[in-house]
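The structure under discussion appears below in the form of structure tokens.
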Amino acid sequence: MSKYESSIKQIPYPQETVYDKLSNLENIEKVKDRIPLEQLNEIKDLTFDRDSVSISISPIGTITLRVIEREEPKCIKFETTDSPVPLTLWIQLLPVTDATCKMRLTLKADIPIFLKPMIGNRLQEMIEQVADALAIIPYN
């Protein structure tokens, strides 16, 4: 199992506000036009419902992540239901002040050893880009 982590992102909103928005993925659907998809080079066709997100990633294909656990207000865990490679994703939130929090994304992927050199760096870049996008969306 390979592990990829984003850098820690500062978010100018309270931990509970960010958690409330991210824990119901329909909220992200409402602001997806504000997500700078041009930053997410290989990600196309984002679709959301309350508990899942489907992403088309070039050249991997479509990946569907479903929420498997919510630990209010600090963690949301996802697992793939449709993916060529089994993945788990955590969004971790920690308070900094009453009005701000910090976030880190962690991705674990069961990548075959012969594919790791080809897609490992891409996964690291992608997790960083997703964290950047989540850090700048409006949470109010």
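For the reader, a short list of remarks on this structure follows.
- Residues of the stretch 85-96 that turn out to be of a type outside the set (A, V, I, L, M) and surrounded by fewer than 16 Cβ atoms within 10 Å (Cβ to Cβ), as a count: 2
- Count of the stretch 98-127 residues which are assigned to a helix (DSSP H, G or I) and buried (at least 17 other Cβ atoms within 10 Å of the Cβ): 4
- Of everything listed in (1) touching a residue at least 12 places away in the same chain (Cβ under 8 Å); (2) within 25 Å of Thr17 (Cα to Cα); (3) over 11 Å from the mean Cα position of the chain (by Cα); (4) surrounded by fewer than 18 Cβ atoms within 10 Å (Cβ to Cβ), the single unmet condition for Asp82 is (2).
- Residue list for the stretch 46-74, filter: in contact with a Ser or Thr (Cβ under 7 Å, 6 or more places away or on another chain), at pLDDT below 95 and open to solvent by 40 Å² or more (accessible area, probe 1.4 Å): Thr47, Thr62
- Condition check for Val18: modelled with pLDDT of 90 or more, open to solvent by less than 60 Å² (accessible area, probe 1.4 Å) and not in a strand (DSSP E or B): yes
The values are calculated or read from the model by the stated rules, or taken from the named source; none is laboratory data. Please read these numbers as outputs of a predicted model, since none were measured by experiment. Counting neighbours? That spans all protein chains shown, and the Cβs are built from the backbone with ideal geometry, glycine included. Remember, those area values only see protein heavy atoms, side chains included, never the ligands or the DNA or RNA. Shrake-Rupley method; radii C 1.70, N 1.55, O 1.52, S 1.80 Å.
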